[in-house]
Every structure is written in structure tokens, then in C-alpha cells.
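Participant: First the structure, then my questions, so here it is.
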Amino acid sequence: MPFKDKETRKAHYEANKERIKARDKVWRDANKDKVAAHNKKWRDANKDKIAAYLQENKERFAERDKAYNEANKERFAARYKVYYEENKEKKTAQYKAYCKTEQGKKMKRMKNWRSYGVNNVNDELYDYFMSCGKCEACGKEFTDTYNKCLDHDHDTGDFRYVLCRSCNTKDSWKKHITAI
């Protein structure tokens, strides 16, 4: 039923909105693959337009998401609590297994250094620490990593030396190292 003008088409749609929406939903459900292919083709053809639209409305979307998250805070907390309880043992086992790997040990040690106040903790610092075979103050050989300490300035947080536990706790290394 073709319409001659926009107003007639709009009036017809408003009068039959529910019926039209129901009919369209039935068609979309029956033709999911066609709809998905059409949508993908349209998105691929309009990537630049979509990116520009998202960039222009970035702040508006951020505000919308923030308001939604704020309004649904309790719902999210309840859902997380259920998820946490259901997966608690699994996550704990995974974390314990990860902590036993080399990567896990590295991440844990670097996290501890940051919590102690060491600045610029990175892979290079970790590699340097692990490569040191003896105390940089007294020259004592390290037999294990328990006796190996990362010394840092407590005022600035800057790394200074890799020391043995004895030199680090007694500050006796200051006698041995003159260029500080």
C-alpha cells in the first residue's frame, strides 16, 4: 500500500505500530543470518562514519554509562557476589597455580617492591635484580633469593643497590660503597 506523502505514511505507522513491530520481529527471527550479514556489510562500509559518530559523542556515552552504572550499583554488586561465591575455589586454585610459575613469581615480587615504595619498577629492574649473583656492598654470594634485597632510598623511592639481607638491615654497606 504505497503512500503519496510523508504525513500519511507516518499516520499509518503510528496507527499500526504494534502490528508492524510484531510482523518485523517475526521476519527478523526467521531471517537472522540475512540480518546479521546485512548489518556486517553496513558496518564494514561505514567504519569511518561509525568511528566519527562515536568520537563526537564520546562524552555523552561516558555520562550515560556512568549514570547507568550508578543506578545499577546494587544489582552489579549482587551479581558479582554470586559469581564470586560460585567461582571462589576455582579462582583461588588458579591464582595459586599462577603464583608458582616464573611469571607469577615475577609479578608478585614486583608488586611487593611497589608496595614498599620503590619507584620505576619494571622488567629491566627485575632482570637486573635476578642477574645479581653477589651483594654489591660486601661481595657475599647469594645462595637463594631470600637473602637478596632490593635497596632503595625511602625518601625518593629510587633504587640504589642489590644487597644481602645483612647489609640491607644494618646499613653496613655505606662503609663499603663510597660513591653514593
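None of the figures in this text is laboratory data; all of them are computed from the coordinates on show. This one's a predicted model, so the numbers in the text were calculated from it and none came from an experiment. Note: ideal-geometry Cβ built from the backbone for every residue, glycine included; neighbour counts use all protein chains shown.
Participant: Would it be correct to say that Asn112 is of a type in the set (S, T, N, Q), over 29 Å from Thr169 (Cα atoms) and surrounded by 12 or more Cβ atoms within 10 Å (Cβ to Cβ)? So that I can check it myself, show each step before the final result.
Facilitator: Working: of a type in the set (S, T, N, Q): yes; over 29 Å from Thr169 (Cα atoms): no; surrounded by 12 or more Cβ atoms within 10 Å (Cβ to Cβ): yes.
Spelling it out, it is not the case that Asn112 is of a type in the set (S, T, N, Q), over 29 Å from Thr169 (Cα atoms) and surrounded by 12 or more Cβ atoms within 10 Å (Cβ to Cβ).
Participant: Need pairs with beta-carbon distance below 7 Å; first residue under 14 Å from Met130 (Cα atoms) and within the stretch 143-157, second assigned to a helix (DSSP H, G or I); sequence gap 6+ or separate chains.
Facilitator: Filtered contacts from the stretch 143-157: Asn147/Arg165; Cys149/Arg165; Cys149/Asn168; Leu150/Trp113; Leu150/Phe129; Asp151/Asn168.
Participant: (1) out of contact with any strand residue (DSSP E or B) (no Cβ under 7 Å at 6 or more places or on another chain); (2) surrounded by fewer than 11 Cβ atoms within 10 Å (Cβ to Cβ): which one isn't true of Asp171, the others all being true?
Facilitator: Unmet condition: (2).
Participant: Same structure, new question: Determine which member of the set Val162, Val121 is under 23 Å from Met107 (Cβ atoms), touching a Phe, Trp or Tyr at 6+ places or on another chain (Cβ under 9 Å) and not in a strand (DSSP E or B).
Facilitator: Values: Val162 fails: not in a strand (DSSP E or B).
Of the residues listed, the single one that is under 23 Å from Met107 (Cβ atoms), touching a Phe, Trp or Tyr at 6+ places or on another chain (Cβ under 9 Å) and not in a strand (DSSP E or B) is Val121.
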